[in-house]
Amino acid sequence: MPWPSETVKDDDVFALIDGERRRQATGLQLIASENFTSPDVMRATGSVLTNKYAEGYPGKRYYGGNAVVDEIEAIAIDRVKRLFGADHANVQPHSGASANMAVYLGLLKPGDTVLGLSLDHGGHLTHGSPVNASGILYDFVSYRVGDADERIDFDAVRELARKHRPRMIVAGTTSYPRRIEPQPFRAVADEVGALMMFDIAHIAGLVAGGAHPNPVPYADVVTFTTHKTLRGPRGGCILSSAAHAAAIDKAVFPGSQGGPLEHAVAAKAVAFHEALQPSFKAYAHQIVANAAALAAAMANEGFRLVSGGTDTHMMVVDLRPFDAELTGKEAQLVLDQAGITLNKNNIPNDPRSPFVTSGVRIGTPSVTTQGMTEAEMPLVASLIARTLRGRTDASVVAAVRSEVAALCARFPVYGG
Ligand code: DSN
């Protein structure tokens with residue numbers, strides 16, 4: 001029997017997908033964790049591999065018919081190991097959160113003590129937030145950024161580690177604009193006999209492109225998502241030393257996942273291939289150059305950059321010096337109307353709640369994929385500032401919306 005869609009077209013969903021394509025193409029996409037993935041990555045994601053069950057690993061599956069899938073997954077593993085110089089890779093995690101939970105399941109016992117960066121200082125939900133399974137099942141102790149410089153305070157990390165003797169120390173962030181050297185984390189972990197996990201979800205593409213130090217030689221385990229700066233499909237990945245390989249694989253399947261999404265695994269393989277090309281290095285460095293230029297331009301417009309700037313693909317912007325009344329929530333809403341997409345974000349020690357916030361987070365991976373360079377960043381900053389200054393005047397917001405569309409038309413994603 002044929003599929004109903006051969007005769008009854010699903011105009012509702014496909015019209016909406018087209019609307020989203022238009023939104024992405026005509027607005028500025030400044031969410032630091034997003035990117036425009038390649039047509040080849042999307043082709044693999046939308047392939048017949050979505051039809052296949054493949055519980056297990058290459059050569060050891062619970063279902064027949066996996067000869068082709070085995071080859072695809074083996075290619076993905078080989079490529080990502082080469083990309084990051086890792087001993088072992090598991091490419092099956094459905095997301096970054098799944099990857100992190102699998103690491104905890106594989107290497108910790110419930111109730112073990114773990115150090116992680118506090119969510120409201122730039123950490124991730126899965127680094128021990130009390131509302132997340134990580135914080136419910138494990139005894140997370142949070143470290144924070146320093147009050148004065150808003151950077152990770154390694155003396156404080158060491159002090160907490162000496163006091164709490166964690167089983168694991170988690171490095172990595174979701175809204176922290178500075179480079180993170182892996183060696184100081186390794187030194188503290190060694191001193192107290194802890195494992196070290198580095199979650200490079202945000203910076204995986206920068207690491208792959210040589211624009212951020214690679215923690216793989218220092219960490220016991222490295223986790224990441226494949227869809228942020230790495231520009232692959234939505235998904236997760238775990239790298240580890242050979243010593244932890246068996247525990248990690250067992251924790252992913254059968255420990256916490258069932259059938260892997262082999263269409264996503266194939267798309268990850270495509271993305272790893274793209275990231276192995278010399279041009280990806282230039283891309284990664286351009287993301288960082290664009291973020292530096294945008295941060296400088298934002299400062300010129302009267303905003304305060306948390307920690308004074310950025311070394312990566314993102315910045316966290318304190319709105320209060322620009323306008324004490326303006327919240328991150330209001331900024332996100334009005335910027336959306338102007339075609340500028342970013343997210344509200346707490347700044348360290350924010351007096352406002354995470355639903356309101358005093359800041360926004362801005363990233364440059366998407367606009368860099370579109371081909372924008374440092375030359376466009378002052379205009380981007382001025383479009384943001386004009387919208388926020390004129391936020392109660394619909395004509396200002398509409399005028400910015402037109403300029404945003406004109407700017408994006410000069411840099412058509414997917415060739416227009
Ligand atoms: N939601 C992602 C981000 O935006 O940083 C992290 O999982």
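With respect to Ala271, determine if the residue is under 22 Å from Ala44 (Cβ atoms), open to solvent by less than 10 Å² (accessible area, probe 1.4 Å) and touching a residue at least 12 places away in the same chain (Cβ under 8 Å). Taking the combined requirement at face value, the residue satisfies it.
Restricting the search to the stretch 143-154, which residues are closer than 21 Å to Val192 by Cβ and open to solvent by 100 Å² or more (accessible area, probe 1.4 Å)? Within the stretch 143-154, Arg144 is the sole residue that qualifies. Exactly one residue among Thr373, Thr369, Thr341, Thr392 is under 23 Å from the mean Cα position of the chain (by Cα), surrounded by fewer than 16 Cβ atoms within 10 Å (Cβ to Cβ) and farther than 18 Å from Gly123 by Cα, and that residue is Thr373.
Does any residue of the stretch 376-388 turn out to be part of a loop (DSSP other than H, G, I, E, B) and at pLDDT 95 or above? No, that holds for no residue.
Every residue, every condition in (1) in a loop (DSSP other than H, G, I, E, B); (2) of a type in the set (A, V, I, L, M); (3) under 28 Å from Arg179 (Cβ atoms), yes or no:
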| position | (1), (2), (3) |
| --- | --- |
| Val265 | no, yes, no |
| Val316 | no, yes, yes |
| Leu326 | yes, yes, no |
| Leu333 | no, yes, no |
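Looking only at the stretch 218-232, residues that are more than 14 Å from Ile180 (Cα to Cα) and open to solvent by 10 Å² or more (accessible area, probe 1.4 Å) come to 4 in all.
Within the stretch 143-155, the set of residues being in a loop (DSSP other than H, G, I, E, B) and not small (Gly, Ala, Ser) comprises Arg144, Asp147, Asp149, Glu150, Arg151, Asp153. Just for the stretch 182-193: of the residues that are open to solvent by 10 Å² or more (accessible area, probe 1.4 Å) and touching a helix residue (DSSP H, G or I) at 6+ places or on another chain (Cβ under 9 Å), which one is nearest to Thr369 (Cα to Cα)? Result: Pro184. Residues that are open to solvent by less than 70 Å² (accessible area, probe 1.4 Å), within 14 Å of the ligand (Cβ to nearest atom) and in contact with a Ser or Thr (Cβ under 6 Å, 6 or more places away or on another chain) number at least 2 in the following helices (runs of 4 or more DSSP H) confined to the stretch 28-142: 96-107.
The values are calculated or read from the model by the stated rules, or taken from the named source; none is laboratory data. Owing to the predicted nature of the structure, the values given are computational and were not obtained by experimental measurement. All Cβ positions, glycine included, derive from the backbone under ideal geometry; neighbour counts span all protein chains shown. Note: accessible area is taken over every heavy atom of the protein model, side chains too, but ligands, DNA and RNA are not part of it. Shrake-Rupley method; radii C 1.70, N 1.55, O 1.52, S 1.80 Å.
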